[in-house]
1. Residue-wise, which Karplus ³J(HN,Hα) couplings in Hz belong to segment A:374-384, taking 6.51 cos²θ - 1.76 cosθ + 1.60, θ = phi - 60°, and x for glycine or proline?
2. Once Lys and Arg get +1 and Asp and Glu get -1 on their Cβ, which of A:S99, A:I86, A:A72 lies farthest toward the positive end of the dipole of segment A:4-104?
3. Run the numbers for A:E251 and A:H122: contour at 0.36 nm per residue of separation, minus the present Cα-Cα distance, in nm.
4. Please compute the per residue accessible area over chain A with all protein chains in place, 1.4 Å probe, rounded to a whole number of Å².
5. Dividing the Cα radius of gyration by the Kirkwood radius, what Rg/Rh value follows for segment A:136-199?
6. Spelling out what I want: for every residue of segment A:227-232, take phi, set θ = phi - 60°, compute 6.51 cos²θ - 1.76 cosθ + 1.60 (Karplus), and round to whole Hz; glycine and proline get x.
7. Sort the following peptides by mean Cβ neighbour count (other Cβ atoms within 10 Å, averaged over residues), highest first: A:207-214, A:335-342.
8. Applying the Karplus parametrisation 6.51 cos²θ - 1.76 cosθ + 1.60 with θ = phi - 60° to the phi angles of segment A:199-208, what ³J(HN,Hα) value in whole Hz is obtained for each residue in order, glycine and proline being reported as x?
Amino acid sequence: MLTLKLIQENPELVVEKLTKKNFDAREIMKEITETDKRRRETQHRLDMLQAEMNTLAKEIGILFKSGQKEKAEENKVRTITLKDDIQQLGNELNELEKSLNDKLVILPNIPHESVPAGKSAHDNITIRTGGPAARKAGETLPHWEFTQKTGIIDFETGVKLTGAGFPVYKGKGARLQSGLIRFFLDEAVNAGFTEIMPPLMVNAESAFATGQLPDKDGQMYHATEDNLYLIPTAEVPLTNIYRDMVLAEEELPVKITGYTPCFRREAGSYGKDVRGLNRLHQFDKVEIVCITHPDKSYAMLEEMVNHVAGLLDKLELTWRVVKLCGGDMSFTSALTYDFEVYSSAQDKWLEVSSVSNFETFQSNRLKLRFRDPETKKPRMAHTLNGSALALPRIVAALIENHQHNGEFILPEALHAYTGFKSI
RNA sequence: GGAGAGAUGGCAGAGUGGUCGAAUGCGGCGGUCUUGAAAACCGUUGUCCGGGCGACUGGACCAGGGGUUCGAAUCCCUUUCUCUCCGCCA
């Protein structure tokens, strides 16, 4: 959520910057400005009435104490209309505030100035590449064939147990999963992140604070009986740890990591893009989350990008980093880098990580602040997060790029984690 | 799941209808003293929303929501959470 202050002080700038996200904010901004103006006026009138009421009540109290009952009763009569007015204005104010909030919540985050204009993924800009040269397309089996042949991932049984998109990992397939998770966690801890094991379900308040609600309602599994949501990413519980907090400046930057399964309904996506591991309802991911001083968030973003690049290098995958264009960025992000790895078997780039700076967009909803030592006042911190990494497509890419004569040879970095070198 | 008790400022803890944003202690910050520090003493000490160029000023906030009352931290209802006991259980 954008801060009201920014909107009040510079509405034209907000409109202009949001055009990069292909979001026409003119109409909504006009409404916000008007609603805000009315809200302030109403607040002011209400405050005055309440002040009057307070004095009156105080006077009545004094009159009663000094035994002037008749005079007190006289004053009481005057409070009746005041009370009505206060009630009515209070309702008006509530409605204005609600209406204002409903409008504010619709506005996406303002993109960083370096974000390229564009409509779709085609307009993203590749800024870095790494890893070995891509293999020739078609040399290897796609992962869904390889995993079926070797029996390490059983999609059919997943369907039997739960439904499509819930695979069962078996034997070396399961060992590969748990090994990768520990590998990613170790790497994150070595890079200074503190490991957290959060709950896998969150309440609506948490889902709202990180922006999943109301924007992505319907993408999360919802346990209606208890009104809890299965987390679509560890970002939700990890970031919400710091909801409603004022941190000391020395506590920054916060660097935390966590492994969780992630649950996504993925309503409406079918077809060949969802084949095999490409899109699942439940998948494993190690997430990294940072909270920084506003001046240091972009340096942190680079650090996170380097961390992910290091992981992909150790896994000996062919990767590239793209800077997302305005049209392809998420609602909440100010700047996002996507990592993609090349799969020769599928002959395409698979998105395996997304690293973003949200600046104060999440903090504002989270009420996540730090105390500025200069002013001694709370000030909003910046939040960032990234996948480091999401497993399924990494597994797909590993299998599809590291086959030699029908055998999947694991990258050396994983040997200690899996206890075997090939499948 | 059943019975009972409770939720107050950064923390501990008073306050059971009026002048209470809230005693007191601890902590924090500033100062006096000191070569420096400690101790002692003095002062200060939340957040949010309005109004004002500003000094300053109005309002809200005692877990959340609703109610009673001229007036609620205090009374009533309700939700959530915590604790104790019982039951169940990995």
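1. 5, 8, 6, 10, x, 9, 5, 8, 9, 10, 9
2. A:A72
3. That works out to 42.4 nm of additional length.
4. Numbers: 20830 Å² over 423 residues.
On a per-residue basis, 49 Å².
5. Working: Rg = 15.6 Å, Rh = 14.0 Å.
In segment A:136-199, Rg relative to Rh is 1.11.
6. These are the phi-based 3J(HN,Hα) values: 6, 10, 10, 6, 5, x Hz.
7. A:335-342, A:207-214
8. In residue order, the calculated couplings are x, 9, 10, 10, 7, 4, 4, 5, 5, 6 Hz.
The values are calculated or read from the model by the stated rules, or taken from the named source; none is laboratory data. A quick note: this is a predicted structure, and the numbers were derived from the prediction, not measured. Cβ: placed from backbone, ideal geometry, glycine included. Neighbour counts: every protein chain shown. The protein model used for the area step is the full one, side chains on, heavy atoms only, and it has no ligands, DNA or RNA in it. Shrake-Rupley method; radii C 1.70, N 1.55, O 1.52, S 1.80 Å.
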